Amino acid sequence: MIGTADRSDPRSAVVAWAPSGRGGGVDGNERLTAATAIVLIGLLAAEGVTILFIRPLFSTHVFIGMLLIPPVALKLGRTGWRFARYYLGDREYVRRGPPILPLRLLAPVVVVATLAVFGTGVALLVIGPAGGIVLGLHKASFVVWLVATGIHVLAYVGRLPRLTLGQRARPVRGGRARWMLVAAGIVAGAILATATIGYAQPWVHWVATHHHDHHDG
């Protein structure tokens, strides 16, 4: 049965890493993922506001989008690490078990849609307003991402208070390092966003011109 150290499962025969390593093992990974998720929820909520008011907040939309890239990469990396450790037979991860089947089936959609949204977004900054096809792909992938990620967030958001606020009640090794890693992701995102915000100017001009032309029409 998945989630137990069943001797019939070949993954249980693999020698596992120490369950309480420097990073706190599976609990540490889970808490790092939760901390990153809290940051992402806040930033994505702000990004959602810029989408609702895209014309006056287009530069902010681009800035937050670029700021999101390192934290998103951290989140994907940590969930990918759990996936790898489970299927490589790490006893601690096998004992904890995988997510429920619907969420496992949804995970590839979330990952692909996330890569598509951010990949096309960066491409649009490089190409500029001439990237019509890429703009269409960006919008289409965003719709898929919004639905898939919305389901994903609703499935896990109830666990976030326990995994973050409950650290004092049940501390796990590496807590300071985890928060430093999250902070480093935010700082890296801020540096990336500041360095690339200039690429948004052609789009700002295009959005303003397009708005006026549409209004006049």
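The values are calculated or read from the model by the stated rules, or taken from the named source; none is laboratory data. For clarity, every value in this text was computed on a predicted model and none was experimentally measured. Positions of Cβ are generated from backbone atoms using ideal geometry, with glycine treated the same way; all protein chains shown enter the neighbour counts.
Return yes when residue 16 is at pLDDT below 50 and surrounded by fewer than 16 Cβ atoms within 10 Å (Cβ to Cβ) and no when it is not.
no
Scan segment 69-78 and tell me whether some residue there is farther than 20 Å from residue 147 by Cα, among the hydrophobic types (A, V, I, L, M, F, W, C) and buried (at least 19 other Cβ atoms within 10 Å of the Cβ).
Checked against the condition, which is being farther than 20 Å from residue 147 by Cα, among the hydrophobic types (A, V, I, L, M, F, W, C) and buried (at least 19 other Cβ atoms within 10 Å of the Cβ), segment 69-78 yields at least one hit.
Which residues, counting only those in segment 44-85, are touching a Phe, Trp or Tyr at 6+ places or on another chain (Cβ under 8 Å) and touching a residue at least 24 places away in the same chain (Cβ under 8 Å)?
58, 62, 65, 68, 69, 72, 82, 85 - these are the residues of segment 44-85 that are touching a Phe, Trp or Tyr at 6+ places or on another chain (Cβ under 8 Å) and touching a residue at least 24 places away in the same chain (Cβ under 8 Å).
Could you pull out every one of the helices (runs of 4 or more DSSP H) wholly within segment 102-211 that has 1 or more residues that are of a type in the set (Lys, Arg), surrounded by 16 or more Cβ atoms within 10 Å (Cβ to Cβ) and touching a residue at least 60 places away in the same chain (Cβ under 8 Å)?
175-196
Out of the residues in segment 49-69 that are at pLDDT below 95 and aromatic (Phe, Trp, Tyr), which is nearest to the chain's Cα centre (by Cα)?
Checking each candidate, the answer is 58.
In segment 34-43, is there at least one residue being surrounded by 19 or more Cβ atoms within 10 Å (Cβ to Cβ), touching a Leu at 6+ places or on another chain (Cβ under 6 Å) and either touching a residue at least 24 places away in the same chain (Cβ under 8 Å) or among the β-branched types (Val, Ile, Thr) (or both)?
yes
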